[in-house]
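One structure is given here, and the rest of the page talks about it.
Read-outs: derived from the displayed coordinates by stated rules, not from any lab. Given the structure is predicted, the values throughout are model-derived calculations rather than measurements. Every residue, glycine as well, gets a Cβ built from its backbone with ideal geometry; the counts of neighbours run over all protein chains shown.
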Ligand code: KIV
Ligand code: NA
C-alpha cells in the first residue's frame, strides 16, 4: 500500500474521511498497528508513563525518543510516523528544536515531529516547517505543562484554544492535535482550520482520533481517563498465559517430548 503522507492526511480531512492515529513505541507493536491499517503512528512521550513507568511525561529523553523512533520507523510500511519532541527539546532555543527535529529525520525512518503549544510556539513551528521538518502542533491539555498547570484537566478557554490552533496552522503546522477540550470547542477549532485536527478527549467533530495504544488494548494498570475506550484486556491475557506456563513448569507438564531434542 502507498505511504500515507501529510498530503494524504490533508486530503482525508477534506473528504471527511476520519484519520486513525495510535501511539507505538516498539517494532512488533508498530508492525501490528501498521498492518491493521492505522494511518498515523505516534512515538509519544507518553512512553515515559506507559513504557518507562514514570508519573509524568517529563523524564523521557531525546536519545530515548530516537531509540524508540528507530524501532517504530523500521516497522511502519504504510503509516506516517510522528515523533514527540520531549521536554525540553520543544521549549529550549529554536536551534535546539531544529537539531532535535533533524535527528528524527536523519536517524530514524520517521516523518514528522509533534510539539506541545500553539501561539507561544509559532516561531518554532515556522522554523521547523521551513527547514522541511513537518510539525503537528498539540493544543489543549499539554502534559509537559503539568507542573505549571497543577494537574491534568479539561481545557475550556475556547477563544485561546481557537487562537492557538489558528496560529499553529498559520505558522505551518500540517495538523493540530487537540487534547481534552469540550466537544463544541473542538468542533469550532476544526471548522476554523483548513489543516486536519486529531482529537483525544475532544469528541467526534474532528478530522481524526488518537489514543495511547496501551490504554485501548488493556495494558495499562489502574486509572484510565474518561476518553479512553478499552477494546481488550491484554493484562489479563498475558497474565493467564504466564500463569499457565509457570503451573506447567512446576508440574512437569512442560516441556513435552515434542518441545525437546533427541
Ligand atoms: O504522548 C502521547 O501519547 C500523546 C498523545 C496522548 C496524543 O501526545
Ligand atoms: Na505526547
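Things to note:
- Counting only DSSP beta bridges with both residues in the chain, the antiparallel share comes to about 5 percent.
- Projected label distance in nm at residue 247 and residue 194, using a 7 Å step from Cα toward the beta-carbon: 6.2 nm
- Neighbour-count order for 179, 95, 248, fewest beta carbons within 10 angstrom listed first: 95, 248, 179
- The relative contact order of region 169-262 comes to 17 percent, based on Cα pairs under 8 Å that sit 6 or more residues apart.
- Nearest-0.05 FRET efficiency for residue 35 and residue 98, computed from C-beta distance (R0 35 Å): 0.55
- Segment residue 160-residue 3, extension gain: residue separation times 0.36 nm, minus the distance between their alpha carbons: 53.1 nm
- Structural descriptor for region 6-231: relative contact order 17 percent, calculated from alpha carbon pairs under 8 angstrom and at least 6 residues apart.
- Here the chain is treated as a sphere whose radius is the Kirkwood value from Cα pairs; by Stokes-Einstein at 4 °C and 1.567 mPa s it diffuses with a coefficient of 68 µm²/s.
- Cα-only Debye scattering, region 1-145: base-10 log of I(q)/I(0) at q = 0.17 Å⁻¹: -0.93
- Calculated diffusion of region 211-251, Stokes-Einstein form, Kirkwood radius summed over Cα pairs, 20 °C and 1.002 mPa s, µm²/s: 189 µm²/s
- Of the residues 261, 227, 87, the one with the fewest other Cβ atoms within 10 Å heads the list, and the complete ranking is 261, 227, 87.
- Restricting the calculation to Cα atoms, every distinct pair contributes to the Kirkwood radius of region 125-232, found to be 14.5 Å.
- Here region 206-260 and region 152-176 have alpha carbon centers that stand 36 Å from each other.
- Pairwise Cα distances in region 81-162 exceed 22 Å for 25 percent of all pairs.
- DSSP-defined beta bridges in region 58-143 - what % are antiparallel, rounded to 5: 10 percent
- Cα gyration tensor shape for region 25-94, rounded if a/c is under 1.5, else prolate or oblate: prolate
- As a proxy for reagent exposure, 152, 245 were ordered by neighbouring Cβ count within 10 angstrom, fewest first; the result is 245, 152.
- Distance between region 1-76 and region 96-114 - C-alpha centres, whole angstrom: 14 Å
- Here, region 172-234 has an Rg and a Dmax of 13.1, 39 Å when only alpha carbons are counted.
- Computed helical MRE - 222 nm, the chain, DSSP H runs ≥ 4 contributing -39500 (n - 2.57), nearest 500: -12000 deg cm²/dmol
- Spacing of the modelled spin labels on residue 15 and residue 78, each 7 Å from Cα toward Cβ, amounts to 1.3 nm.
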